[in-house]
Each structure stands twice: as C-alpha cells, then as structure tokens.
Amino acid sequence: MTIRYSAPGRVNLIGEHTDYNLGWSLPIALPQRTVVTLDPSDSDALEVRSDGADGVVRIPLTTKPGDVTGWASYVAGVVWALRMAGHSVPGGSISITSEVPIGSGLSSSAALECAALGALTSGLHIDRLDRARLAQRAENEYVGAPTGLLDQLSSLFGAASTALLIDFRTLSVSPVPFDPSASDVVLLLIDSRQRHGHVDSEYAARRLSCERAAADVGVVSLREIQDRGLSALDGVTDPVDARRARHVLTENQRVFDVVAALNDSDFTKVGRIFTASHVSMRDDFGITTAHIDLIADTAVAAGALGARMTGGGFGGCVIALVALDQADAVGAAVRSAVRAAGYDEPVITRTFAADGAMPG
Ligand code: ADP
Ligand code: MG
C-alpha cells in the first residue's frame, strides 16, 4: 500500500538569532511542500529518488552516520534517528517531489526530514515535539548540520492563517493569528538569490559573542536577563559583544510586540517592527549585506509597511508587508533597484501561512 506524507518549508516572520539564546521566534509554514511517497516492501533497504536531485540512492535500514552523504543523507538520517529511538522502519522505495526552493533559507531540509519521517512512521503515534527532535537529530548528527529546532517545529506545527510563537526555553509552540489578506495586506517573499560563503564562521562568531555577553553578566543564556532592561548589558566588557546581545534582547521584545499587533490585526505596526528588526540586524548584529539592505530599504521607500531580512543572514530572503494595491509597485521598485546595482534578479512571490506536515 502506497503511503504519502508531505511537509512545508517555512519562513521566520521575526525573532532572528534568538533560538540559541533561549528566546522567542515567530515563523509560519509556507504553501510550498515536499511530498514523500513510500512503497513499502520486505526489503532491508530503502531506494530513494528525488525530482530535485540526480540518481537513485540505496539506504540500508541499518545505516549509520557517515554511510550516506549528499542529499539522501537527510532521509538516511531520519531512518537512523528513528531506529536509534527504538522504532522499526520499513524498507521499500521512496520518491520525493518538492516545491520548496532548495538552499534559499526556506528550509527545504526540514520539509524533507519531516515528510520522510511522516511517511516512515505512518500508524505510529509520535507527538510533534518528538518528531521535531528526531528530525533535528537526523540533521545534526547524521547530515552534520548544527541547526536548532526552529525549522522542524515550523514545518510540523504550521497551520493556515497562523504564525507560531516558539519559546526556545520551554519548546512550547503557541498559535497567533496571521492573516494579512483579511486586511488587504500582502506578505511579499523576496529571495535575493545571494548566497554567502562565510555563513558558518559568522554564525559561530555571533554565538560566541552572545555566550561571552551572558557570561559577563553572570548568566548562562541571554534569556535570563530579558526582563532586566538593556542596562543589564552595562556589565558586558566588549562593545561588539554588547551590541550583539542588545540585538537579541530587543529582538525578543519585537517578537512580543508583533504578537500583540497581530492580535489587533495592526499590520502598519507589524511593518514598523519588521523594519526596526532589520535595522537591529544591520547595525547591532551585523548580519545583513549591502544587497539585502538595498532590497529592504527599497521596499520601504516604495511604500511597504515594513521589510526585514529573514533567516541566518549574509543573503537569503527579505519579507515585506505591503498594502495589496501597492504590492506590484513595491515588487517593481525592488527589481529595478537590484538590477541597477548589478545584483542577480530576485525571485518575488506573495506568500501566506499554510498547513503543517500531514498525510497526503
Ligand atoms: P534550506 O533548508 O534552506 O533549503 P539546506 O542547506 O539546509 O537549505 O538544505 C538543502 C539541502 O537539503 C539540499 O542541498 C539537499 O541536500 C537537501 N534537499 C532538500 N530538499 C530536497 C529535495 N526535494 N530533494 C533532494 N534533496 C533535498
Ligand atoms: Mg535547512
């Protein structure tokens, strides 16, 4: 019997680099999904193919980290993580189709893990937080990518017209209404197509800055001083570390402010907070680029309610909230500014909060 399971990509509305500081983020699941189709058999292996990659890869059910590399390692990692957790995994053949752009920062990796996990565990009751942890373990320990839980939680808990308030200390996920279309507002997703080569080392440096700042003020994570105000950072020795930490504390506050504004359907206010978040990522956290700044600034100058880079930084995507009747004009202004500056043509789409992982 053929089993089909799908899971979406995600985009973070606000709350950037807050996860490893045990703060808060507010992602949505995207309408683009990855679909995994499993034809189970008595085989002791899975044969995996994808419309997004060449060739067929054979994954023995007893696979261990290091056995499979490349794109199929995301599926092999899920097989391994499930077996490590004591679950049995069927053999057979898997085919993958996906609409999630690969490597754009929209989490095609978590979409693939969560869809594969769903297909391989049909009939088993594993709650969504445990699923997220299994998928993360696959990505961290099998694939070897040191990522947090944001992507998997978004893909698993996503729901139509809903953003997800994630608390990274308790790992609680709370739904927040997110339906700009009901207010004649559009969420534009602008993929710069800029990919930076130094993301990993820059990410590590930001984490270290945050850890040093926390240690300077005598706490383990910046979360612990969230309620003490920015003067709590007076004890941070290095001025760069202090700026990095200031981004984290102000960004957490912006997450709360966006949640409050969304509860009032006040997209003008949400837009303003988006723009403030971009400025904080640019000036305090130092993770934007001239190319990304140009996209965000042009969107706002052309009439967007607000715009910010989303994701880890140094390229990737910008999101902008725009009144419906301005959306085409903002897109056109961004395209022409980017072209005039000699950067790659951006990919601009209108997006919305969609359902999370599910059968079918
Ligand atoms: P992102 O998650 O932002 O798209 P990552 O680098 O984390 O970027 O993950 C992208 C990788 O995940 C790809 O290089 C590929 O190895 C794998 N991948 C994701 N989706 C697919 C797919 N549909 N088919 C094959 N491989 C995929
Ligand atoms: Mg990824």
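Just to confirm, what accessible area per residue do you get for the range 253-357 at 1.4 Å probe, in whole Å²?
On the way: 3920 Å² over 105 residues.
Solvent-accessible surface per residue comes out at 37 Å².
Per-residue ellipticity at 222 nm from helix content only, as computed over the chain with -39500 (n - 2.57) for each DSSP H run of at least four residues, stands at -11500 deg cm²/dmol.
Give me the accessible area per residue for the range 3-176, probe 1.4 Å, as a whole number in Å².
Values: 6390 Å² over 174 residues.
It amounts to 37 Å² per residue over the range 3-176.
For Asp325 and Thr2, FRET efficiency with R0 = 56 Å and r from the beta-carbon atoms, rounded to 0.05? Before the final figure, lay out the partial values.
Working: r = 45 Å, r/R0 = 0.81.
Efficiency, from the Cβ-Cβ distance: 0.80.
Look at the dipole of the chain built from charges on Cβ: of Thr268, Val185, Ala353, the Cα furthest out on the positive end belongs to Ala353. Taking Cβ atoms as reference points and 12 Å as the exclusive limit, the residues near Asp216 contribute a net charge of -2, counting Lys and Arg as +1 and Asp and Glu as -1. FRET efficiency for the pair Ala290 and Leu208, taken as 1/(1 + (r/R0)^6) with r the Cβ-Cβ distance and R0 = 25 Å, rounds to 0.50. Label-to-label distance, Asp238 versus Ala215, with points set 7 angstrom from Cα along the beta-carbon direction: 1.0 nm.
Counting only protein heavy atoms and a 1.4 Å probe, tell me what percentage of the range 1-145's accessible area is made up of carbon and sulfur.
On the way: 2710 of 5620 Å².
With neighbouring chains kept in place, the figure for the range 1-145 is 48 percent.
May I ask you to give the percent of accessible area on the range 179-351 that is carbon plus sulfur, with a probe radius of 1.4 Å?
50 percent
Accessible area per residue was computed with a 1.4 Å probe on protein heavy atoms; His198 scores about 110 Å². Based on protein heavy atoms only, the range 202-244 ends up with 54 Å² per residue of surface accessible to a 1.4 Å probe. Placing a label point 7 Å from the Cα of Thr349 along the Cα-to-Cβ direction, the residues of the range 85-117 whose backbone N falls under 16 Å from that point are 97-112. When only Cα pairs below 8 angstrom with a gap of at least 6 residues are kept, the chain shows a relative contact order of 24 percent. Compute the distance from the alpha-carbon center of the range 205-281 to that of the range 89-160, in whole Å. The range 205-281 and the range 89-160 have Cα centres separated by 29 Å. Using Cα atoms only, what is the angle between the long axis of helix 128-137 and the major principal axis of the chain, expressed in degrees (0 to 90) to the nearest 10? Orientation of helix 128-137: about 80 degrees from the principal axis.
Length gain on complete extension for the stretch Ala301 to Val56, per 0.36 nm per residue less the alpha carbon to alpha carbon distance? Write down the numbers at each step before the final one.
On the way: separation 245, 0.36 × 245 = 88.20 nm, distance 4.82 nm.
83.4 nm is the gain from fully extending Ala301 to Val56.
Amide H contacts of Ser50: Ile96, each under 5 Å away and 5 or more positions distant or on a separate chain (H built 1.01 Å from N in the peptide plane; Pro and chain starts excluded).
In this simple spin-label model, placing a label point 7 Å from the Cα along the Cα-to-Cβ direction at both Arg169 and Asn263 gives a separation of 1.9 nm.
The values are calculated or read from the model by the stated rules, or taken from the named source; none is laboratory data. Just so it is clear, the structure is predicted and the values come from calculations on it, not from any experiment. Cβ atoms come from the backbone with ideal geometry, glycine included; neighbour counts cover every protein chain shown. Surface accessibility is based on the protein's heavy atoms, side chains included, excluding ligands, DNA and RNA. Shrake-Rupley method; radii C 1.70, N 1.55, O 1.52, S 1.80 Å.
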